[in-house]
1. Students often check this: by mean Cβ neighbours within 10 Å, which of 86-97, 176-187 ranks highest, and how do the rest follow?
2. Per residue, how much accessible surface does region 212-280 expose to a 1.4 Å probe? Answer in Å², no decimals.
3. Structure shown: which of Lys156/Lys204; Lys200/Lys262; Lys77/Lys182 lie over 23 Å apart, alpha-carbon to alpha-carbon?
4. With every protein chain left in place, what is the accessible area per residue of region 7-91 in square angstrom, probe 1.4 Å?
Amino acid sequence: MQVLYVDVYFLINFSVDMLACFLTASLLHIKTDIPRLLILSFLGGASALVDIFFEDPVVALINGVCYLLFAGMIIAKELSLWRRVRFVVAFLILEMTLGGVVSFAYGLLDRYLAPFLEDSGTGENRRALILSVFILLAIGVLRLFIMMLSDGTRVKVARMKAGIGDRSIEFDALVDSGNLVKDPMSMAPVVFLKPSLAEKLFPKELLSLEDVDKLDHVHKRRIRLIPVTRGEETHVAIGMVPDEASLPDEGGSIRITLAIDKEEGTYGGYLALMPSSVLE
């Protein structure tokens, strides 16, 4: 008769999902938090128990798809659809890799370490010791892996907060050293926003360029016409000076001008492009 320890099985899957979510979010520069990671890990552990109790391929498929969809929705509050899809795909690959490594390493340890632990008690105790040894090794390797990644990727994406009037948003921006556009009036660096992000901050009259005269005097003074050269072509982008702008992770306010980029696509999955001079 096969014995399954539900609490241990849940805890193992909870831990693997937690590691997979955290590493995937770090690799893709997705801003998440501990409550979201805990929710996804709990759902992952519960999903694993559902697969065990039903033992039905159809149920397992539906269960897995639903969990991945929830993971894509829960991982972050403000995120484009393309970056959510990238997270789901990367999370699935990383979780399968971690699961395979755990199973393979556990099998090796059980095979070669078991003879030295025969006197440690029951079979369950022996396997618990083997699993504990592997978890300690895995934690050390993962910490080294995260340290290596953090040094090479931390300056490529920045968290920004901006406010205009009674509207305020917080978003991730791709940092680009090639963005040298300046506000011609103040010479402040220009941060470009895609329309889907700009509409959460800019007055609707400015977005559509209709009824601009209805804007109050304060907003009119903040409007900017910014020349942007791409290749041999130059066009004018509509922008605005925010009432406030800051980098929450760095601390302190910054002086920038926000402009709307109506070109199709995104900046590598991000909805904002920040000059590297803002960080410097």
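1. Peptide ranking by packing, descending: 86-97, 176-187.
2. 60
3. Pairs exceeding the cut-off: Lys156/Lys204; Lys77/Lys182.
4. Normalised by residue count, the accessible surface of region 7-91 is 55 Å².
The values are calculated or read from the model by the stated rules, or taken from the named source; none is laboratory data. Bear in mind the structure is a predicted one, so any value in this text is a computation, not a measurement. Here the Cβ is made from the backbone with ideal geometry for all residues, glycine too, and neighbour counts use every protein chain on show. Accessible surface is based on the protein model in full, side chains and every heavy atom, while ligands, DNA and RNA are left aside. Shrake-Rupley method; radii C 1.70, N 1.55, O 1.52, S 1.80 Å.
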